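This report concerns only the one structure given below.
The values are calculated or read from the model by the stated rules, or taken from the named source; none is laboratory data. As the structure is a computational prediction, the values presented were derived from the model and not from experiment. Here Cβ is always computed from backbone atoms with ideal geometry, including for glycine, and neighbour counts include all displayed protein chains.
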Amino acid sequence: MYAQSNLSGSFETNTIYYLNDSKPGIIAPDDKLGSNNYFKVDYQYKKFRAGLQYEAYLPVLQGLPTTLRNSGLVFKYASFQDSNLAVTAGDFYDQFGNGLIFRAYEERAIGLNTSVEGVRLAYSFRDLFHVKGILGRPREFMDKAESNIKGASLSVDLASLFKLEHSVAGAAINVINRYVSYAGQEPVNPNVQAYSFNVNWDVEAFSFQGEYAYKSKDNSVYSNNKNKNGSALLLEIGYNTTGFGSLLSLRRLEYMQFGTTRGIAGVGRDLNYLPALTKQHGYSLAMLNPHNTMGNEETGGQLDIQYRLKSGSLLGGKYGTQLSFNASTYYNLKGDAVHGYDFLGTGNTKYFQDINIDIEKKISATLLTHLFYSGQVFNPVVIGKENTLYASHVAAGDLLWKSAPGRSFRFELQHLWSRDYLKNWGAALVEFSASPAFTCFIGDMYNYGDTGVHYYRLGGSYTFSRTRIALNYGRNREGLICAGGVCLYMPAYTGLNLAVTSSF
């Protein structure tokens, strides 16, 4: 009996003590302290599960939505699942297709949680057909949105249905309805419908997936009250074999912002998921100005290629060499809101461009090197500022030295040069790790081309059992932070940051 039940849970806190800092002109909030806290418990007995999540913002960290305030039991559920049937009552996460019309999920780093409170049903017919239905109210920060949603999804395993050997193939049709009551005098339909159709096909080294979405007229603040139909097209083509991998992604968005209400959309208020399809860099200077998706008017794509030079070859050397190339670019749509937009072609406003390459090379059993270059073009219009172009170049490299079993040092150098905006930057980092328990680091980003400000940071972490404690101190510049391709603009701050995660 005991083996058939299981109790698990987790606790997470992210707390910052803010300080005044005269050099970059940072003024700490009156409260001086920000603290985001999460406690989650799940219980399973045979085919039944139940759980809850308690959140406390005491107050919310600076820069995250201020509507995350106080505390409350914001997530609770009970579910049953066997081989064919799944039923959930309470709060749940889900996604239709690639999320173009609906995705309910959580990203704590940017204060995002769009779970739905209601009922979810899913049933599978002989593993060939899968049907799913949802009904409920989306979460909007610590409360519920002023809307009701209902939706359904039907997918079919085409490879099994038609007995396609050496293939994985499927298709799905999805629909979601958002209802917001309206008592005004203007003719506004309280219902907005969104539909999508997606297909996927993988055969040997080749892969393809595509999704088309349509959204009915949505007279909303986030679409400048333009009562327009919306559409989205996403195509992904890949080819992967031993030592080589590639993926080409193309996407077109037209009036596809879809909010939980007719009010302002954005982090915590989006019903769908439109991430930036760009490379998520690991180097800080390459992430100074990431792309923020323009959900109402954007077209572009990304190409990602990885190739491994074989071990023992002339160029690969003793341990082989990993080469990666990535390029992405995005523009506005061709046409205008009055006369309509062309389906093909791009407009004259470039939003973003990034062309980058990195090389990873193992020199010996104890030394691993990484070299990186990125050429970027960023338009601050994507964060609501002037329409202009900032061009920059970033070169970086790091060396990982395994000094002893379980012990390693990492040394990192970066440089950004530009004639625009804040001009030139330099950055350096030294990190020590005693695996798996202890890490510490010290680093700095220096804007020597304009402000003369150092953004220094130092800190470390310690892990024992299932608990990790991290403490760091330093300056953090203003700008976009991104999680899962979704970005939030954060103010600059100086402070002491304590983060604790624990599970049982």
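Considering only residues that are aliphatic (A, V, I, L, M), in a strand (DSSP E or B) and surrounded by 12 or more Cβ atoms within 10 Å (Cβ to Cβ), look in segment 1-49 and name the one that is nearest to the chain's Cα centre (by Cα). Show your work before the answer.
Filtering segment 1-49 for residues aliphatic (A, V, I, L, M) gives 1, 3, 7, 16, 19, 26-28, 33, 41.
Those left that are additionally in a strand (DSSP E or B): 7, 16, 19, 26, 33, 41.
In the following step, the residues that additionally are surrounded by 12 or more Cβ atoms within 10 Å (Cβ to Cβ) were identified as 16, 19, 26, 33, 41.
Working: Ile16: 23, Leu19: 29, Ile26: 28, Leu33: 26, Val41: 25 Å.
If we take residues in segment 1-49 being aliphatic (A, V, I, L, M), in a strand (DSSP E or B) and surrounded by 12 or more Cβ atoms within 10 Å (Cβ to Cβ), then Ile16 is nearest to the chain's Cα centre (by Cα).
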Any chance segment 301-318 includes a residue that's buried (at least 17 other Cβ atoms within 10 Å of the Cβ), farther than 17 Å from His370 by Cα and of a type in the set (D, E, K, R)? yes
Of all the strands (runs of 3 or more DSSP E) wholly in segment 196-257, which have at least 2 residues that are free of Cβ contacts under 8 Å to residues at least 40 places away in the same chain and buried (at least 16 other Cβ atoms within 10 Å of the Cβ)? 206-215, 230-241
Does at least one position in segment 474-487 carry a residue that is of a type outside the set (Val, Ile, Thr), free of Cβ contacts under 8 Å to residues at least 24 places away in the same chain, in a loop (DSSP other than H, G, I, E, B) and surrounded by fewer than 15 Cβ atoms within 10 Å (Cβ to Cβ)? yes
Does segment 47-67 contain any residue that is over 27 Å from Gly266 (Cβ atoms) and of a type in the set (S, T, N, Q)? no
Residue hits (segment 182-198; under 31 Å from the mean Cα position of the chain (by Cα) and among the hydroxyl-bearing types (Ser, Thr, Tyr)) are Tyr195, Ser196
Based on this model, can you work out whether Thr366 counts as β-branched (Val, Ile, Thr) and in contact (Cβ under 8 Å) with a residue 60 or more places away in the chain? no
Within segment 178-194, how many residues are buried (at least 18 other Cβ atoms within 10 Å of the Cβ) and part of a strand (DSSP E or B)? 3
From Thr241, Thr321, Thr299, residue being modelled with pLDDT of 95 or more and under 20 Å from Leu389 (Cβ atoms): Thr299
Can you tell which of Ser403, Ser465 is polar (S, T, N, Q) and under 23 Å from His370 (Cβ atoms)? Ser403
Quick one: in segment 111-132, which of the residues that are surrounded by fewer than 21 Cβ atoms within 10 Å (Cβ to Cβ) and β-branched (Val, Ile, Thr) is farthest from Leu68 (Cα to Cα)? Val131
Out of Thr467, Thr451, report the one residue that is within 28 Å of Thr278 (Cβ to Cβ) and either surrounded by fewer than 17 Cβ atoms within 10 Å (Cβ to Cβ) or of a type in the set (Val, Ile, Thr) (or both). Thr451
Yes/no for Val60 being in a loop (DSSP other than H, G, I, E, B), of a type in the set (A, V, I, L, M) and touching a strand residue (DSSP E or B) at 6+ places or on another chain (Cβ under 8 Å): yes
Matching residues in segment 305-333 - criterion: being in contact with an Asp or Glu (Cβ under 9 Å, 6 or more places away or on another chain) and hydrophobic (A, V, I, L, M, F, W, C): Leu323, Phe325, Ala327, Leu333
Evaluate the following for Val175: is it touching a Ser or Thr at 6+ places or on another chain (Cβ under 6 Å), in a strand (DSSP E or B) and among the aliphatic types (A, V, I, L, M)? no
Among Ser153, Ser124, Ser160, Ser83, the single one that is at pLDDT below 95, closer than 30 Å to Val203 by Cβ and either in contact with a Pro (Cβ under 6 Å, 6 or more places away or on another chain) or not in a loop (DSSP other than H, G, I, E, B) (or both) is Ser160
List pairs: first in segment 414-425 and of a type in the set (A, V, I, L, M, F, W, C), second surrounded by fewer than 18 Cβ atoms within 10 Å (Cβ to Cβ) and in a loop (DSSP other than H, G, I, E, B), Cβ under 7 Å, 6+ apart or cross-chain? Leu416/Asn424; Trp417/Asn424; Leu422/Gly449; Leu422/Asp450; Leu422/Thr451; Trp425/Gly449
Within segment 402-416, can you find the residues that are loosely packed, with under 15 Cβ neighbours inside 10 Å and in a strand (DSSP E or B)? Ser403, Ala404, Arg407, Phe409, Phe411, Leu413
Exactly one condition in (1) closer than 17 Å to Tyr195 by Cβ; (2) in contact with a Lys or Arg (Cβ under 6 Å, 6 or more places away or on another chain) is false for Val175; which is it? (2)
Is it fair to say Ser328 is within 30 Å of Ser433 (Cβ to Cβ), touching a residue at least 24 places away in the same chain (Cβ under 8 Å) and either aliphatic (A, V, I, L, M) or in a strand (DSSP E or B) (or both)? no
Among (1) touching a Ser or Thr at 6+ places or on another chain (Cβ under 7 Å); (2) loosely packed, with under 15 Cβ neighbours inside 10 Å; (3) closer than 23 Å to Arg126 by Cβ, where does Val168 come up short? (1)
Scanning segment 163-172 residue by residue, those free of Cβ contacts under 8 Å to residues at least 40 places away in the same chain and part of a strand (DSSP E or B) turn out to be Ser167, Val168, Ala169, Gly170, Ala171
Would you point out the residue of segment 375-388, among those that are buried (at least 16 other Cβ atoms within 10 Å of the Cβ) and at pLDDT 95 or above, that is nearest to Asn348 (Cα to Cα)? Asn379
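Restricting to segment 488-504, and then to whatever is in a strand (DSSP E or B) and modelled with pLDDT under 95, can you tell me which residue is nearest to the chain's Cα centre (by Cα)?
Leu488
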For segment 63-80, give me the residue count where each residue is closer than 22 Å to Leu496 by Cβ and either of a type in the set (A, V, I, L, M, F, W, C) or in contact with a Pro (Cβ under 6 Å, 6 or more places away or on another chain) (or both). 3
